[in-house]
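The values are calculated or read from the model by the stated rules, or taken from the named source; none is laboratory data. Keep in mind that this is a model prediction, so the values were computed, not measured. As a convention, Cβ positions derive from the backbone with ideal geometry for all residues, glycine included, and neighbour counts pool all protein chains shown.
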Amino acid sequence: MQITTASPAALPTPDTLRSIGRRHRHVALGLTMLMLGVYFLFILSIALFKDALSVQIVPGLSLAILMGVAAVAFSLVLTFGYVAWVNHVHDAAVNRLEKGGC
């Protein structure tokens, strides 16, 4: 078995690797902060505005339940958006690096 190494010209530069990693970290942290903000806003609104959130929209459905469902739906949208971004943007950049094109 012969081990071959790529020529130095074909290797990605550390700056390219760092920029891809930095962009991934910024997107992931940004979405995490956004989700935490929505979650804590929902929890604080329950703690501070009990009377307003107990308003019945229809029998059996209060504003608090509707906001909870909206928070879960928002987290799903963020998750699907992140997965789409990773599949189309991040993985494309990583694949370009694997093929040798910076």
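Looking across region 55-95, just one residue is surrounded by 10 or more Cβ atoms within 10 Å (Cβ to Cβ), outside any helix (DSSP H, G or I) and of a type in the set (Gly, Ala, Ser), and that is 62. Picking from residues in region 44-54 that are in a helix (DSSP H, G or I) and farther than 22 Å from residue 33 by Cβ, the one that is farthest from the chain's Cα centre (by Cα) is 51.
Results for (1) under 26 Å from residue 86 (Cα atoms); (2) at pLDDT below 85; (3) surrounded by 10 or more Cβ atoms within 10 Å (Cβ to Cβ), shown as yes or no for each residue.
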| residue | (1), (2), (3) |
| --- | --- |
| 4 | no, yes, no |
| 13 | yes, yes, yes |
| 23 | yes, no, yes |
| 27 | yes, no, yes |
| 30 | yes, no, yes |
| 37 | yes, no, yes |
| 43 | no, no, yes |
| 51 | no, no, no |
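For the condition out of contact with any Asp or Glu (no Cβ under 8 Å at 6 or more places or on another chain) and modelled with pLDDT under 90, what is the one hit in 83, 89? Working first, answer last.
Values: 83 fails: modelled with pLDDT under 90.
Among 83, 89, only 89 is out of contact with any Asp or Glu (no Cβ under 8 Å at 6 or more places or on another chain) and modelled with pLDDT under 90.
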